[in-house]
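**Q** Please find one structure pasted underneath; my questions will follow.
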Amino acid sequence: MVEDSMKGRPGDCQLTEDWLLRAQELVPLVLQKAMEVKVFPGRWKMIIYKTEQIPSRLSDLSSHPFFSKNALCKELLQAVSKTMEEVIELAEICVQDRYEGKLRMQNDLDSLSGKLDLNLRDCSHLIKTGVLGEATLPVSVTGTSTEPESTDHKNVRELLARLQIGHLEAKHRALESLVEVMNEDEKTFLAVLGRNNISALIQLLAATSPCIREKAAMAICSIVESQSYDNWLISEGVLPPLIRLVESGSALCKEKAAMSLQRLSTSAETAREIVGHGGAQPLLEICQTSNSVLQAAAACTLKNMSTIPEVRQSLAEEGIVPIMINLLGNGILLESKDYAAECLKNLTAGSENLRNNVISEGGIQSLLVFIDGTHAKESAIEALRNLVSLVPTEVITSLGVLPCLLRVLRGGSLGAQQAAASAICVISSSPEMKKILGEAGFIPPLIKMLEAKSNSVREVAAQAIASLMTLSQNSNEVKKDENSVPNLVTLLDSSPHNTAKKYAVACLVNLALSKKCKKLMISHGAIGYLKKLVEMEVPSAKKLLERLERGNLSIFSWN
């Protein structure tokens, strides 16, 4: 008998094979006793059905090559044996009609049925998901090393495996130990992490215990920050529970969940899924809280979501515009304000309705205050550029847009200068605005920008100058600047990387009406450049070349 084989051995010292034998011999006793019960027939029928599946699961388990070497197998067999003993006990109570209350016994039988489900599921987990091998094998089996696995790796593997089997309390204890390991040696934790472990951690994000949810959120956040398991996290369904934690979790859960969403949302597809799972509203609510870390993480996630054109209208309907405008002025961290500016830039990039929405909410005024009071990142200037095309000239001048842009051109970062020059291209469509811009002193800093190393900066500066020069008095201003012709001639380079050449030609065609400017162009080698541009069919290149060649032999006077 199994009792004889286990006689004299303390429980912890009994062999795995002994517990297997005990469980196997208990099953027929269980079935015999269960079939004698006449009360609660539906519940006992289900218990019998589940018990009948136990032998095949035990057979599968015992046939695994690492069966006897794994502590998890032994613990599972102990759990199965305990469940079988409980079935026998309840069966005897029912047969003898000794139970205290019908409802209580029904609850006890339901609980017993749940334990059988857990036993069956854990047996399948150990076999089918590879937990049994993961918690036992050296690293060489998993293909990451040819050396035997370290004790640390084995311990972490076993803790991770315990997340997938056993009752909730056991999983909780394993999670607590894992969090301690992660704090001490995150590298080891990540080195042995598997897809099944990630799935188990995700399930614990919805645990009933707030403490466990917090520890699971901490673990998931660490995994996200490693940037190695994004595909597994998304495919295993991490987004919905993270969003729920942002919405109604504890302060720590909110923080870790928001930080996880921030990192994951750098993928456009994932950002789109966050919107689809209803993530926008809780993130917007966080932007209005006084927690600086939470606010920055939420604002960054929303900024990432706003890069996707098809979700921008949905975000607007959730109320993102006034919240981002408010954040621009009242964000706790400058980082949050920067994210708000980028978000407004994205939202106003393609939709006239959204641009009007931002304007009506006071977006231009808020952007101007932000630009004047900070390091004027290009995202804020770009957002301003997107808006000014819909604003009348008198409003642009009354709000102080032009002095703001001029300050950026004269002293902002190169990216901010480029965005400001782009804004000038947008607003300089009317003769009235061209005149105002010329008189306000925009031309000299634009000419200076032609010397930038960045091709895109040179291009937008040349485009802005070409636009302003369609007004004669601005043309005269360009002539007065001694660097204008040399800088523009340099931009006649035929290199395919030089995208400013067509605008440089447009400017020089206008300047070539002056003999002085023609002589300067020729002396700086414009004719050689232009011959190549004519072959490339650059607009107006042939016209400019003809003007220069006609005067090449007889330029004696200065205009």
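**Q** Out of the stretch 181-239, which residues are closer than 25 Å to Gly278 by Cα, part of a loop (DSSP other than H, G, I, E, B) and polar (S, T, N, Q)?
**A** Hits for the stretch 181-239 are Thr208, Ser209, Gln227.
**Q** Being closer than 26 Å to Cys123 by Cα, within 28 Å of the chain's Cα centre (by Cα) and open to solvent by 50 Å² or more (accessible area, probe 1.4 Å) is true for just one of Arg195, Arg173, Arg162. Which residue is that? Break it down stepwise before answering.
**A** Values: Arg173 fails: within 28 Å of the chain's Cα centre (by Cα); Arg162 fails: within 28 Å of the chain's Cα centre (by Cα).
Selected residue: Arg195, the only one of Arg195, Arg173, Arg162 that is closer than 26 Å to Cys123 by Cα, within 28 Å of the chain's Cα centre (by Cα) and open to solvent by 50 Å² or more (accessible area, probe 1.4 Å).
**Q** Tell me which of these Leu384 doesn't satisfy, since it passes every other one: (1) under 25 Å from Lys448 (Cβ atoms); (2) surrounded by fewer than 22 Cβ atoms within 10 Å (Cβ to Cβ).
**A** Every condition holds for Leu384 apart from (2).
**Q** Any chance you could count how many residues in the stretch 154-213 are polar (S, T, N, Q) and under 20 Å from Leu233 (Cβ atoms)? Please lay out each step first, then the result.
**A** The first filter runs over the stretch 154-213 and keeps only residues polar (S, T, N, Q), leaving 155, 164, 177, 183, 188, 196-197, 199, 203, 208-209.
Restricting the remaining residues to those that are under 20 Å from Leu233 (Cβ atoms) gives 164, 188, 196-197, 199, 203.
Going through the stretch 154-213 one residue at a time, the tally reaches 6.
**Q** Further question on the same structure: What number of residues within the stretch 92-115 are open to solvent by 80 Å² or more (accessible area, probe 1.4 Å) and β-branched (Val, Ile, Thr)?
**A** Of the residues in the stretch 92-115, 0 are open to solvent by 80 Å² or more (accessible area, probe 1.4 Å) and β-branched (Val, Ile, Thr).
**Q** Has the stretch 444-462 got any residue that is among the aliphatic types (A, V, I, L, M), under 20 Å from Leu354 (Cα atoms) and not in a helix (DSSP H, G or I)? Write out each step before concluding.
**A** Narrowing the stretch 444-462 to residues among the aliphatic types (A, V, I, L, M): 446-447, 449-450, 452, 457, 460-462.
Filter once more, so that each one left must be under 20 Å from Leu354 (Cα atoms): none.
No, that holds for no residue.
**Q** For Glu225, only one of the following conditions fails: (1) out of contact with any helix residue (DSSP H, G or I) (no Cβ under 6 Å at 6 or more places or on another chain); (2) farther than 27 Å from Gln313 by Cβ; (3) modelled with pLDDT of 95 or more. What is its number?
**A** All conditions are met except number (3).
**Q** State which residue is nearest to Ser235 (Cα to Cα) when the search covers only the stretch 268-291 and only residues that are modelled with pLDDT of 95 or more and of a type in the set (S, T, N, Q).
**A** Applying the filter and picking the extreme gives Thr270.
**Q** Ok, one more. Select from the stretch 35-59 the residues that are of a type in the set (D, E, K, R) and farther than 19 Å from Gly114 by Cα and write down the one among them that is least open to solvent (accessible area, probe 1.4 Å).
**A** Across the stretch 35-59, the extreme among qualifying residues is Glu36.
**Q** Take the conditions open to solvent by 60 Å² or more (accessible area, probe 1.4 Å) and touching a residue at least 40 places away in the same chain (Cβ under 8 Å) and apply them to Glu394. Does it pass?
**A** For Glu394, the condition - open to solvent by 60 Å² or more (accessible area, probe 1.4 Å) and touching a residue at least 40 places away in the same chain (Cβ under 8 Å) - is not met.
**Q** Also: Restricting attention to the stretch 419-448, report how many residues are within 22 Å of Glu482 (Cα to Cα) and either touching a strand residue (DSSP E or B) at 6+ places or on another chain (Cβ under 6 Å) or of a type in the set (S, T, N, Q) (or both).
**A** 0
**Q** Can you tell me how many residues within the stretch 138-157 are out of contact with any Phe, Trp or Tyr (no Cβ under 8 Å at 6 or more places or on another chain) and modelled with pLDDT of 80 or more?
**A** Result for the stretch 138-157: 0.
**Q** Residues in the stretch 357-381 that are open to solvent by 70 Å² or more (accessible area, probe 1.4 Å) and over 22 Å from Gln418 (Cβ atoms): how many?
**A** 3
**Q** Say we look at the stretch 79-114 and pick out the residues that are of a type outside the set (Gly, Ala, Ser), more than 19 Å from Gln32 (Cα to Cα) and modelled with pLDDT of 90 or more; which of these is farthest from the chain's Cα centre (by Cα)?
**A** Filtering first and then ranking leaves Lys102.
**Q** Let me ask another. Would you call Ala421 over 28 Å from the mean Cα position of the chain (by Cα) and at pLDDT 95 or above? Don't jump to the end; show me each part of the working.
**A** Working: over 28 Å from the mean Cα position of the chain (by Cα): yes; at pLDDT 95 or above: yes.
Yes.
**Q** Another question, if that's okay. Could you list, in sequence order, all residues of the stretch 60-73 that are open to solvent by less than 60 Å² (accessible area, probe 1.4 Å) and under 17 Å from Asp117 (Cα atoms)?
**A** The answer is Leu61, Cys73.
The values are calculated or read from the model by the stated rules, or taken from the named source; none is laboratory data. Keep in mind that this is a model prediction, so the values were computed, not measured. Here Cβ is always computed from backbone atoms with ideal geometry, including for glycine, and neighbour counts include all displayed protein chains. Accessible surface areas use protein heavy atoms only, side chains included; no ligands, DNA or RNA. Shrake-Rupley method; radii C 1.70, N 1.55, O 1.52, S 1.80 Å.
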